[in-house]
Amino acid sequence: IAYLILSLGLAVDAAYLITQVVAENLEERFNKQLYEAGKISSELIVTYETQLLQTQRLLSNTEGVSGAVQTNDPTTLRTLTFGIILNDGQEAVEFFNLHGSHVLSSRHHFGANPEDYEFSAGGQTEFTKLEIVQNVLAQKIDERGDKFADLVQTDSGYFLYISGPIYDSNGELAGVVLVGRSLSTVAADIRAKTFAQITFYDELGRVIYS
């Protein structure tokens, strides 16, 4: 009987140890996967910002763009820039003149064909008040240069925007261009690449998209 009890005790201890080892291995594996997902997600955000910045630079340096912004000519501006916007697959592009008025807004219809965009022009909008727009109009330069980034709430949800100046042939400020991508698109892409659940928070810790 004593031998049987001892054997049972050893079996229970062994089972407990095995369970602990398995649990610790699962937890360690989960933590490693979580860390990797977070690392990849951060790197992808940088990639998205780089892509937006590249489009912004192309648009601002396209011949004729500064003149179209200065003369408030949305038709010419659309002709000059739509190919770049479409080719780069950007979801939102906003052009402003020196008064902060919209010269042209290009927004892709969510879930539509790649070439399906909505265009509008004219007037002051909520975008005019954005710090990333006002910084460019004020010709501010920080440690990273004259480009600025922010999450912006729109009628279509939150967008990651990059803003930058448009200069004329004399090197004078002619306007501002913003290039943006929706958080819904960003989250879906990160989810597909990391297989992780993605949630974005504002600076106060409130969920803005999940």
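The values are calculated or read from the model by the stated rules, or taken from the named source; none is laboratory data. Everything numeric here is computed off the predicted structure, so don't read it as measured data. FYI the Cβ positions are ideal-geometry reconstructions off the backbone, even for glycines, and counts take in every protein chain you see. Ligands, DNA and RNA are excluded from the accessible area calculation, which covers all protein heavy atoms including side chains. Shrake-Rupley method; radii C 1.70, N 1.55, O 1.52, S 1.80 Å.
So here's what we get for this one:
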| item | result |
| --- | --- |
| The stretch 129-155, residues that are open to solvent by 100 Å² or more (accessible area, probe 1.4 Å), over 15 Å from His102 (Cα atoms) and not in a loop (DSSP other than H, G, I, E, B) | Glu131, Gln153 |
| Unique match (being charged (D, E, K, R) and more than 20 Å from Thr62 (Cβ to Cβ)) among Glu172, Glu131 | Glu131 |
| Some residue of the stretch 39-56 being over 30 Å from Lys193 (Cβ atoms) and of a type outside the set (Ser, Thr, Tyr) | no |
| Residues satisfying the stated conditions in the stretch 159-184, i.e. surrounded by fewer than 18 Cβ atoms within 10 Å (Cβ to Cβ) and among the polar types (S, T, N, Q) | Ser169, Asn170, Ser184 |
| Close pairs (7 angstrom Cβ cut-off, 6 or more residues apart or separate chains): over 16 Å from Gly180 (Cα atoms) in the stretch 114-135, in a helix (DSSP H, G or I) and modelled with pLDDT of 90 or more anywhere | Glu115/Leu86; Ala121/Pro74 |
| Pairs where the first residue, in the stretch 84-99, is more than 23 Å from Asp168 (Cβ to Cβ) and the second is open to solvent by less than 10 Å² (accessible area, probe 1.4 Å) and aromatic (Phe, Trp, Tyr), C-beta under 8 Å, 6+ apart | Ala92/Tyr161 |
| Selected residue (criterion: farthest from the chain's Cα centre (by Cα)) from residues of the stretch 156-188 that are over 20 Å from Val103 (Cα atoms) and of a type in the set (A, V, I, L, M, F, W, C) | Ala188 |
| Per-region count, the stretch 52-62, residues without any contact (Cβ under 8 Å) to a residue 40 or more places away in the chain and farther than 15 Å from Leu173 by Cα | 2 |
